[in-house]
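Undergrad: Pasting a structure below so you can have a look.
The values are calculated or read from the model by the stated rules, or taken from the named source; none is laboratory data. Nothing here was measured: the structure is a model prediction, and the numbers come from that model. Every residue, glycine as well, gets a Cβ built from its backbone with ideal geometry; the counts of neighbours run over all protein chains shown.
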Amino acid sequence: MPIKVIAFDADDTLWVNEPYFQETEKEFCSLFEDYLPHHTVGRELLHTEIQNITLYGYGIKGFMLSMIETALKITNKTVSVEAVDKIIGYGKDLLARPIELLDGVEEVLTALKGHYRLVVATKGDLLDQERKLKKSGLEHYFHHIEIMSEKGEADYRKLLKHLDIKPDEFVMIGNSLKSDVLPVLNIGGHGIHVPYHITWAHERIEHNIEHENFRQVQQIKEIIPFLLSEINDGPEPGLH
């Protein structure tokens, strides 16, 4: 089947995201260094975040609440009002961050628009992701925006049903093997991994992927000749 839809993850695929969270985490760990070493505070925060995903989902607001909960835990509920106020400020600062597009993104979208339906498929808080997309200046490239609470096989099947396409007509591009690639491969679609130099610990996997529909590139611009060859010359290995 020819490819009809190309979907892009947003955070750390279209624009910078994780480095901002890591900078904030360092500030948070420094705030409580009198209680525990930085790496221990960071580990407690990650544990709390993962526990809270089913309650808060992904995004800055959930991260802020997890920081407050972690602060309560490591201080045995003696955290000061001033510290809580700082944590809220960290979250608001994250929400106010400018959008920094990753190198080559607009070149890729310009090259592919008109040849494929382009989609954003991303996890996160609805308001925050809508804000980032609007501030990015990229919104006009996309046929559809899907902000997902989770990226599992069932979630991708729901998206494909909405787009009225079959799995082998769909390509997902993103920086997370766990969220952007593996579920799509498992339902019969195509996955292209564009690694980012920083990945949240919860999104890492420890095994290699061997699959005929999988491809990895080092820079997002590498997908242009690869995907345009689908139109001009027919399929290449890994996209057929």
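Undergrad: Name the single residue that is farthest from M172 (Cα to Cα) among those in segment 1-42 being over 21 Å from the mean Cα position of the chain (by Cα) and of a type in the set (D, E, K, R).
TA: D34
Undergrad: Here's a follow-up. Go through segment 13-106 and tell me which helices (runs of 4 or more DSSP H), entirely inside it, have 3 or more residues that are of a type in the set (G, A, S) and either out of contact with any Lys or Arg (no Cβ under 6 Å at 6 or more places or on another chain) or more than 27 Å from K134 (Cβ to Cβ) (or both).
TA: Values: elements: 18-31, 38-56, 60-74, 81-95.
Qualifying helices (runs of 4 or more DSSP H): 60-74, 81-95.
Undergrad: Then there is this: Could you tell me which of the residues E27, E33, E49 is buried (at least 18 other Cβ atoms within 10 Å of the Cβ), of a type in the set (D, E, K, R) and not assigned by TED's automatic domain parsing to the domain that holds H144?
TA: Selected residue: E49, the only one of E27, E33, E49 that is buried (at least 18 other Cβ atoms within 10 Å of the Cβ), of a type in the set (D, E, K, R) and not assigned by TED's automatic domain parsing to the domain that holds H144.
Undergrad: If you go through segment 71-120 one residue at a time, how many are closer than 17 Å to G174 by Cβ and among the aromatic types (F, W, Y)?
TA: 1
Residues checked against (1) surrounded by fewer than 19 Cβ atoms within 10 Å (Cβ to Cβ); (2) part of a strand (DSSP E or B); (3) not assigned by TED's automatic domain parsing to the domain that holds R215:
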| residue | (1), (2), (3) |
| --- | --- |
| T110 | yes, no, no |
| V120 | no, yes, no |
| L127 | yes, no, no |
| L133 | no, no, no |
| I145 | yes, yes, no |
| D155 | yes, no, no |
| L159 | no, no, no |
| I165 | yes, no, no |
| I173 | no, yes, no |
